[in-house]
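The values are calculated or read from the model by the stated rules, or taken from the named source; none is laboratory data. As the structure is a prediction and not an experimental result, all values here were calculated from the model. Cβ: placed from backbone, ideal geometry, glycine included. Neighbour counts: every protein chain shown.
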Amino acid sequence: MNAYSILKSAHSGWAYLVVTVLVLATLNALIGFFSKKEFGNRDFSLALGGLIVTHIQLLLGLALWALSPYSNMLFSNFSFLMTPEGRGARLLALEHPLTMIIATTILTIGYSKHKKKITSNGKLKMLSIFYTIALVLVLSRLPWSQWFAM
């Protein structure tokens, strides 16, 4: 097994954990915000867990992308990626990595902003807004056809 295969397996497997933890953290923040609950250890742990698993996934993904044929295609055959036939390759070469970088950045900003809030409602509001946006971005650019092919 080569490095590319190992990274691909790790990235694919870890993605299930990322989606699960992000959904849980986002729902927890939304429920806490709308029900005006006090921000507690569980809220902190879920938000931090979402941040950690997402950052690990991003690192795995960037390493995988650097070794993948899609990164070469982005630089050597960009015109093909912009055609209807190149749609699948464009998703893996450009759209998925770029969207995941943006989603991770938004998640990180939200986590950072929530720490600066004093009230529970302010903390949960920041997490709700930023984690929801990040989750929608992640779900919008997952290679679903590969997920369901496994």
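A residue that is assigned to a loop (DSSP other than H, G, I, E, B), over 17 Å from Leu142 (Cβ atoms), of a type outside the set (Ser, Thr, Tyr) and at pLDDT below 95 occurs nowhere in region 60-75. Note on region 48-67: residues that are within 15 Å of Leu98 (Cα to Cα) and among the small types (Gly, Ala, Ser) total 3. Within region 111-132, the presence of a residue that is at pLDDT below 95, on the phi < 0 side of the Ramachandran plot and touching a Ser or Thr at 6+ places or on another chain (Cβ under 9 Å) is excluded.
Taking region 78-150 and the helices (runs of 4 or more DSSP H) fully enclosed by it, the elements with 2 or more residues that are within 17 Å of Leu60 (Cβ to Cβ) and either of a type in the set (Asp, Glu) or in contact with a Lys or Arg (Cβ under 7 Å, 6 or more places away or on another chain) (or both) are at 96-116.
Mind checking which residues of region 41-75 are surrounded by fewer than 18 Cβ atoms within 10 Å (Cβ to Cβ), under 22 Å from Ala134 (Cβ atoms) and touching a residue at least 40 places away in the same chain (Cβ under 8 Å)? Across region 41-75, the qualifying residues are Leu48, His55, Ile56, Ala63.
For region 127-144, the set of residues classified as without any contact (Cβ under 8 Å) to a residue 40 or more places away in the chain and surrounded by fewer than 22 Cβ atoms within 10 Å (Cβ to Cβ) consists of Ile129, Ile133, Val136, Leu137, Trp144, listed by residue number.
Listed by first and then second residue, the pairs with beta-carbon distance under 7 Å, at least 6 apart or on different chains, first residue in region 102-120 and touching a residue at least 60 places away in the same chain (Cβ under 8 Å), second part of a helix (DSSP H, G or I) and surrounded by fewer than 16 Cβ atoms within 10 Å (Cβ to Cβ), form an empty list. Checked against (1) within 28 Å of Ile109 (Cβ to Cβ); (2) at pLDDT below 95; (3) among the basic types (Lys, Arg), Lys36 passes all but condition (2).
Pairing each residue of region 76-87 that is closer than 22 Å to Ala66 by Cβ with any residue that is of a type outside the set (A, V, I, L, M, F, W, C) and exposed (fewer than 10 other Cβ atoms within 10 Å of the Cβ), provided the two are 6+ apart or on different chains, yields C-beta distances under 9 Å for Gly86/Ser79.
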